[in-house]
Amino acid sequence: MISDLRPRDAARCAALEAILFAGDSPWPADAFRSEMLAPHNHYFAVRDDETLIGYAGISVLGPTDHPECEIHTIAVDPAYQGRGHGRELLLALLEVADRHRAEVFLEVRTDNDTAIEMYRRNGFEQVGVRKRYYQPSGADAYTMRRPAVGIAAAKEQLA
Ligand SMILES: CC(C)(COP(=O)(O)OP(=O)(O)OC[C@H]1O[C@@H](n2cnc3c(N)ncnc32)[C@H](O)[C@@H]1OP(=O)(O)O)[C@@H](O)C(=O)NCCC(=O)NCCS
C-alpha cells in the first residue's frame with residue numbers, strides 16, 4: 001500500500017539509492033529530505049510492515065493553466081522487484097499529474113529496459129535523447145512524455 005515518504009525515511013532511501021543508481025550520482029539523505037519537503041513535490045513510499053521497500057517522487061511545475069510534471073525517481077528494493085510495486089508507485093505519481101491535468105516528463109537510461117517498458121505500458125512515449133545525461137557514468141537518457149489527461153478522463157479518475 002502507498003503512503004507518504006517521510007523525512008525519517010531519508011537514510012533508507014539513500015541506502016537503496018546507492019545500490020540502485022551506483023555510477024549515476026545517487027542522492028544522499030539530505031537531498032531526499034529537502035526534495036520531499038519542497039512544496040511542489042510529492043513523494044510516496046511502499047513499505048513491507050515498517051521497512052521502506054520503494055519510493056518515488058514527482059514535481060508539479062509551471063503555470064496553473066498549463067502545468068507540467070517531472071518524475072524525479074522511482075525505485076524498488078531489488079529483493080522486492082517484479083511484484084507490482086514499481087507500477088503501484090508510478091500510478092500514485094500519475095494520479096498527482098492527472099489531478100492537475102498536467103503532461104508528464106521523465107528521463108530514463110536508454111539501457112533500462114524494465115523501466116522503459118513500465119513507462120510505455122502506462123502511456124509514455126519517447127520524445128528525445130539526452131546524450132551523457134547521467135554522470136559520472138556518461139550514460140544516455142531518453143526523455144519520455146505522457147500527455148495530459150482530458151477533463152472528462154480526469155473527472156472520471158477523481159470520481
Ligand atoms: C523500474 C522499477 C522501479 C520497476 O519496479 P518493479 O517493482 O520491479 O516493477 P513491477 O513489478 O511493478 O513491474 C512494472 C512493469 O515493469 C516492467 N517489467 C518488470 N519487470 C520486467 C522485466 N524483468 N523485464 C521487462 N520489463 C519488466 C513491466 O512492464 C511491468 O509491467 P507489467 O506488470 O504490466 O508487466 C525497478 O526495476 C527498479 O527499482 N529499478 C532500479 C531503479 C530504476 O531504474 N528506476 C527507474 C529510473 S527512471
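Worth a mention:
- Of all residues assigned to region 10-20, none qualifies as being modelled with pLDDT under 95 and of a type in the set (Asp, Glu).
- Scanning region 10-49 for residues that are without any contact (Cβ under 8 Å) to a residue 12 or more places away in the chain and not in a helix (DSSP H, G or I) yields Ala22, Pro39, Asp49.
- One residue stands out in region 115-139 among those that are under 22 Å from Ser59 (Cβ atoms) and of a type in the set (Gly, Ala, Ser): the one that is farthest from the ligand (Cβ to nearest atom), namely Gly128.
- Flag if Ile2 is in contact with a Lys or Arg (Cβ under 8 Å, 6 or more places away or on another chain), at pLDDT 95 or above and within 14 Å of the ligand (Cβ to nearest atom): no
- Of everything listed in (1) at pLDDT 95 or above; (2) within 11 Å of the ligand (Cβ to nearest atom); (3) on the phi < 0 side of the Ramachandran plot, the single unmet condition for Gly84 is (3).
- Any hit, region 46-68, residues being within 15 Å of the ligand (Cβ to nearest atom), basic (Lys, Arg) and farther than 20 Å from Ala29 by Cα: no
- The set of residues from region 140-159 being farther than 22 Å from Ser59 by Cβ and at pLDDT 95 or above comprises just one member, Asp140.
- Of the residues making up region 112-124, at least one is within 15 Å of Phe21 (Cα to Cα) and hydroxyl-bearing (Ser, Thr, Tyr).
- Those residues of region 50-101 which are crowded, with 22+ Cβ neighbours inside 10 Å, part of a strand (DSSP E or B) and of a type in the set (Gly, Ala, Ser), in sequence order: Gly54, Ala56, Gly57, Ala75
- Applying the set (1) open to solvent by 10 Å² or more (accessible area, probe 1.4 Å); (2) more than 7 Å from the ligand (Cβ to nearest atom); (3) under 15 Å from the mean Cα position of the chain (by Cα) to Asn112 leaves exactly one unmet item: (2).
The values are calculated or read from the model by the stated rules, or taken from the named source; none is laboratory data. As the structure is a computational prediction, the values presented were derived from the model and not from experiment. All Cβ positions, glycine included, derive from the backbone under ideal geometry; neighbour counts span all protein chains shown. In case anyone asks, the SASA skips ligands and DNA or RNA and just uses the protein heavy atoms, side chains included. Shrake-Rupley method; radii C 1.70, N 1.55, O 1.52, S 1.80 Å.
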